[in-house]
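The values are calculated or read from the model by the stated rules, or taken from the named source; none is laboratory data. Worth saying up front: this structure is predicted, and the values here are computed from it rather than measured. Here the Cβ positions follow ideal geometry from the backbone for every residue, glycine too, while neighbour counts run over all protein chains shown.
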Amino acid sequence: MSALVTTELLDRVRERLSGGSGEIEPAQVAAAIRAEAGGVLGDTDLLRALRLLQTEMTGAGVLEPLLHDPLVADVLVTGPDAVWIDRGNGLEQTSVTFQDEAAVRRLAQRLALSAGRRLDDAQPWVDGRLTGTGTALGDSFGVRLHAVLAPVAHGGTCLSLRVLRPASQGLDALAAAGTVPAEAKLLLERIIQARLAFLVIGGTGAGKTTLLSGLLAKVPACERIICVEDAAELAPPHPHVVRLVARTANVEGVGAVSVRDLVRQSLRMRPDRIVVGEVRGAEVVDLLTALNTGHDGGAGTVHANSPREVPARLEALAALGGMDRAALHSQLAAAVQVVLHVHRRPDGTRGLQEIGLVCRADSGRVSITPAWHATSAAPAAAKLDSLLTDRLAP
């Protein structure tokens, strides 16, 4: 660093620019440098300071090139010299580093401000969405931001960025990539044709949204799909998709539009199929209610470790909406027929592991029985085939 471009100078420029809102333009950075330097910087030093600050204070800073990589799904920062990415084959550490812990904290706070959120000692964590920064984050997709400041994050500021690229692959492309085995692909196509309602389950990053989007591409073009999401990820190649995206409250705590609100609104929009991109709260009550009002073929995604755990998982979510266990099992049995389980394989790739059939016992309790499995027997295979045959009969 030049003797004139000192750490103290850069700190004063940062402080001058910190009072603004929105994305900082290069011209603003240059003007702040000139003002704080008092006119003593030459062109070379000015350009050096501008490059340093522009990299730090515009876009996602030093993380911006990682977000440009079309294969990167997650960028994770656990320290100034610990920046990790996930390209679909597990986590790998990059050569990207920050100057110090303070630089990581500044970036997290600036990104939080861009997302309309507060991040400071009084509110040491943030969850938000970044869009339209003019660089890697375009209007068609964005980045989900999560950050936790020290000392809550014991090792220093922890920053997590998930790239929300539209899931636009069709089922044929997923089958060609090995995500969906050939025999399962034929079964999935019959499930869509028969208008069976289904849930796609799996862990974070397992490929739930990708598979759901691929299946929606097989919906007949004459049908109208209403997609309700917490973040805009579903982009199925289908001619008639209406996308409704939830909105969190602003810094004043007003203006929130929940997924549950949007599920209710979707019922008034003449849907042929209602799809909830991620069921993770009380909206499960409204989704099951909607699927029990004559709207066959609906779908949603749920975080669950296995199909057997789906009833218990939905019980917990339904309780948030005031629905008891007996009512949940009754609604689930009537509304959903199939559960699709995707998971991340040991080599880091993702794929369909199991197709389960929703079965109801005489006691009224619901269980999920395998109807297709990638590596083992499926006791409910014949029952699912019979259901599909009946549904597809002229």
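General remarks:
Each row is one residue, and each column tells you yes or no for (1) at pLDDT 90 or above; (2) among the basic types (K, R); (3) farther than 18 Å from G79 by Cα; (4) touching a Phe, Trp or Tyr at 6+ places or on another chain (Cβ under 8 Å).
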{"site": "L111", "(1), (2), (3), (4)": "no, no, no, no"}
{"site": "T133", "(1), (2), (3), (4)": "no, no, yes, no"}
{"site": "V152", "(1), (2), (3), (4)": "yes, no, no, yes"}
{"site": "T157", "(1), (2), (3), (4)": "yes, no, no, no"}
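- Those residues of segment 94-116 which are in contact with a helix residue (DSSP H, G or I) (Cβ under 6 Å, 6 or more places away or on another chain) and part of a helix (DSSP H, G or I), in sequence order: L107
- Residue in segment 375-388 that is assigned to a strand (DSSP E or B) and either surrounded by 15 or more Cβ atoms within 10 Å (Cβ to Cβ) or in contact with a strand residue (DSSP E or B) (Cβ under 6 Å, 6 or more places away or on another chain) (or both) present: no
- Every residue from segment 249-264 that is more than 16 Å from L314 (Cα to Cα), in a helix (DSSP H, G or I) and either of a type in the set (K, R) or over 22 Å from the mean Cα position of the chain (by Cα) (or both): R264
- When restricted to residues that are surrounded by fewer than 17 Cβ atoms within 10 Å (Cβ to Cβ), of a type in the set (D, E) and in contact with a Gly (Cβ under 9 Å, 6 or more places away or on another chain), segment 61-107 contains 1.
- Residues of segment 159-185 satisfying the condition of being modelled with pLDDT under 90 and of a type in the set (S, T, N, Q): S168, Q169, T179
- Of the residues making up segment 169-216, those that are among the basic types (K, R) and either assigned to a helix (DSSP H, G or I) or out of contact with any Asp or Glu (no Cβ under 7 Å at 6 or more places or on another chain) (or both) are K185, R190, K208.
- Flag for T204 being touching a Ser or Thr at 6+ places or on another chain (Cβ under 9 Å) and modelled with pLDDT under 95: no
- In the condition set (1) charged (D, E, K, R); (2) in contact with a Lys or Arg (Cβ under 9 Å, 6 or more places away or on another chain); (3) not in a loop (DSSP other than H, G, I, E, B), E223 is compliant with all but (3).
- Residue that is modelled with the lowest pLDDT, among those in segment 332-368 that are under 19 Å from K185 (Cα atoms) and either in contact with a His (Cβ under 8 Å, 6 or more places away or on another chain) or of a type in the set (S, T, Y) (or both): T349
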